[in-house]
Every structure is written in structure tokens, then in C-alpha cells.
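Notes for the one structure printed next.
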Amino acid sequence: MSTADLTQNAREKQKAKSGFFKKLENITIFGNRLFVSGGFDIIYFILVIALLTTGLVMMASASYVWGKFHNDDPYHYIVNQGIVAVVGVIAMFIISKINPQIFKKMAVVISVIGFLLLVLVLFYYEEIPDKPDIKRWMAIPFTNKTFQPSDVGKVAMIIGLAWGLEKGKKLLDTKIWAPAIYFGVVVVVSLLVFAESHLSAFVMIFAMGIGILFLSGMDRRWFIILGIMGVVFIVAFFALREQILSPYQNERIDSFFVKDYTDTDTRWQTNQSLYALGSGGLFGLGLGNSRQKYMYIPEPHNDFIFAIVGEELGFFRSVVIILLFLALVARGFIIAERTKSMYERLLVLGVSLQVGIQSVLNILVVTDMIPNTGISLPFFSYGGTALLILLAEMGLVLGVSRTGSRKAKLPEDKKNAE
């Protein structure tokens, strides 16, 4: 076969391939193109991959001893997390290609699913030995895995609020009572999480929801009222917390105010975390050289993984990781400001707030700045479904950032974006 024939065959294959992808781009659903073209925000993508890669490396180091002792396999946790990370990145790319308007059309369904899961987990939960009040975990059917419905609830609330605030913009502008509906949604979802005995997730979801309402441009007088009510609530909460909270939650709050560094029970995990951070100093003991992960910090690959980060990498590199989180949130805000749709803007702002608030709460717990209530560090802490959902959220943001979502829209797309 001549060179000309080979060139012609290559052109025909390329043409067929282009035609296939062209057909995919022209698929419509709910009156919108299913897929968007164009490139996503490369800076945001690099920040996501940087945090994910660093998180996996630190998770491998932190879980090594725990995996060897409890599973007779030092690579047990990192292998599981690595598989989920690969699947999650693939899901992130696929979701980033899907038109954000499709998720907008499905907002009601997604919100209902999230709400139902938060209700069901209160009745069908995986019981934790010695902590019967905790109702955070739910079994995944036909597997031996579990997940936290609150992870799904966070995404559902973000999408639901973004859709509802755009849909009800006229109502919000004309009816003084309208904001109460949205505040009510945030309160109900937050209380459902509170009923799981998941105090830190309750605080995070409530703060994230209020943040979305604030950034939507809602009348600021409502937030003054909310602030006054918040002060009253906090006073009442501490006055009645013995009746409101479970015994173990009250013990953790008491141990925060009475800092007994010889405690081998309630404060043990927090104290060992502080020893780890102090041992790391400015430059750290070196990757893999943590001493506190040798059965001193319980489950060091979970909520307290940042203590191992501080011990092995030191203060300066820990600050770099914090700056990566800050940069991711800041870049999310920049992407949000570039959107032309209120729904897309609030969607990106909601995801950014979630990552930012959750990271801050985790680091505050690890450094003993707030009581130890159990909250994971995004990209770092062990948890397959949590990581998968997080990477799916990153895909949502990247999808909004694609220039293709601003170009070559169908008439229905333009109408929805207005």
C-alpha cells in the first residue's frame, strides 16, 4: 500500500472518529445538549489533582501501620482508596462534559433523593458498637460497604438551593416573606443531619447553606435576624446540651474545655494529634517517619490525617497544603463570577463553600481549636464514597467552567441560562 493510500485511510478514520464525537455532542435531553464542548479551567483541574495526589500519598503513609495491624495488609487502605480515586477521576471527566443545565433539570429529583436518604438513615443505619446514638452510616445494597447519606445530602442541597434560588428570584424580589422558605430548607436538612448525632456535619451543612443564601444576594436584613437568633440558639444550646446531645458528644465538649493532657480516654486522640504536630516542627520528620501513627492516634488515615501530615511534612509544607485548599476555593469563586447563569454561579459557590468549610473545621479539630466531633479532610481522609462524591462535585465545577457551555447553545439552552 502506497503512502498516499495510508494517508487517505488515516484521514477517513479521523473523519469517522470526528463524526462520532460530533453526533455525541448533538445528543439532546430535556431540550438541552447533553454534552458541552471546549476546555475546562486548567488551573482548577491542576489544583484538584495536586490535592488528590498529595492526599493519596499521605493516606498511604498514615494507613500503613493501621492496615498491617488490623487487616494484616499494610496496603489495604491505599489500594481501596486508589481504586476509588481512579474511578472518581474518570467520573469527574465524564461529569465535566455533561451540560450543567441537565443537572438543573434534575434538581428536584436529586434533592428528593438526598432528603429521603437523610430520613432513611435515621431508621436503617449501621450501628456502631458502644455508640448506639450514632446514625451516620447506611449500608450499600448487595455489598459489604457503607456510606454517609450526609455526603449525598450536601450535594443535593447545593443543587436544590441553586435551582430554587434561580427559580424563585422574582418571588424573592417581590415578597418579603419568601426568604423564610429557603432558610426553612437549610434548617430542616441541617436538623436531619443533627439527628444522626453528627454535630460537625450539622455545623458544616448549616454554614454552607446560609453561605449560599448570602451569596445569592438575599436581603441582608434576614441575616441580621439570623445572627440574633444564632446568639440565642448558642446560649440555649450550651444551657441544655446535656439533654440535647448524646453522652459521648458531651464528654468530647467537656474535654475540650477541660484540657487534661494525661487523659487516656476522651482526649486521647486529640492529645496524640497535638504531640504529632509538635513533633513535626517546622520541617517534619520526613515522609513515612511518623511515630504517632504507630497505634497512638486511632485510625490515623481518617479524620486526624492532618496530624500525620504535620508530623511528617512539618509546619511549612502543611501551610502549603492549606494554601492549596485556599487556592481551590478562590479559583472556584473566580469560575463562579464568570458564569452567566445564577444557577451555575450558586452551584460552583456551593461546592467551593463545602470544601472550604469542611477543610477549616477538620484542621480546627486536629489542632484542638474546636471540640473533636468527627469530620473528614477532603481529598485526604479515607472513605471511598466520600471521595467519589467529592470528585463528582469537582466535575460539576469543571463542567461549568468549560467554554463550550457558553457557545453553540440550542435556543432552549439560551432560555435556561437567562
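Side notes on the structure shown:
- Taking the criterion of being surrounded by fewer than 18 Cβ atoms within 10 Å (Cβ to Cβ), among the hydrophobic types (A, V, I, L, M, F, W, C) and either in contact with a His (Cβ under 9 Å, 6 or more places away or on another chain) or in contact (Cβ under 8 Å) with a residue 60 or more places away in the chain (or both), the residues of the range 275-303 that qualify are L287, M295.
- When the test is whether a residue is of a type in the set (A, V, I, L, M) and free of Cβ contacts under 8 Å to residues at least 60 places away in the same chain, V397 does not pass it.
- The set of residues in the range 134-154 that are in a loop (DSSP other than H, G, I, E, B), touching a residue at least 24 places away in the same chain (Cβ under 8 Å) and surrounded by 14 or more Cβ atoms within 10 Å (Cβ to Cβ) comprises I134, K135, R136, Q148.
- Scanning the range 305-333 for residues that are among the β-branched types (V, I, T) and either modelled with pLDDT under 95 or buried (at least 24 other Cβ atoms within 10 Å of the Cβ) (or both) yields I305, I308, V309.
- Subset of the range 381-391 that is out of contact with any Phe, Trp or Tyr (no Cβ under 7 Å at 6 or more places or on another chain) and part of a loop (DSSP other than H, G, I, E, B) - its residue that is surrounded by the most Cβ atoms within 10 Å (Cβ to Cβ): S381
- Only one of M58, M92 that is touching a Phe, Trp or Tyr at 6+ places or on another chain (Cβ under 8 Å), assigned to a helix (DSSP H, G or I) and at pLDDT 95 or above: M58
- Residue match in the range 366-373 (condition: on the phi > 0 side of the Ramachandran plot and at pLDDT below 90): no
- Residue list for the range 208-257, restricted to those being surrounded by 11 or more Cβ atoms within 10 Å (Cβ to Cβ) and β-branched (V, I, T): I210, I212, I225, I244, I253
- Residue match in the range 120-133 (condition: crowded, with 21+ Cβ neighbours inside 10 Å, in contact (Cβ under 8 Å) with a residue 12 or more places away in the chain and within 25 Å of L192 (Cα to Cα)): yes
- Residue match in the range 171-187 (condition: closer than 20 Å to V348 by Cβ, of a type in the set (S, T, Y), in contact (Cβ under 8 Å) with a residue 40 or more places away in the chain and out of contact with any Phe, Trp or Tyr (no Cβ under 7 Å at 6 or more places or on another chain)): no
The values are calculated or read from the model by the stated rules, or taken from the named source; none is laboratory data. Every value quoted in this text rests on a predicted model; they were computed, and no experiment measured them. Note: ideal-geometry Cβ built from the backbone for every residue, glycine included; neighbour counts use all protein chains shown.
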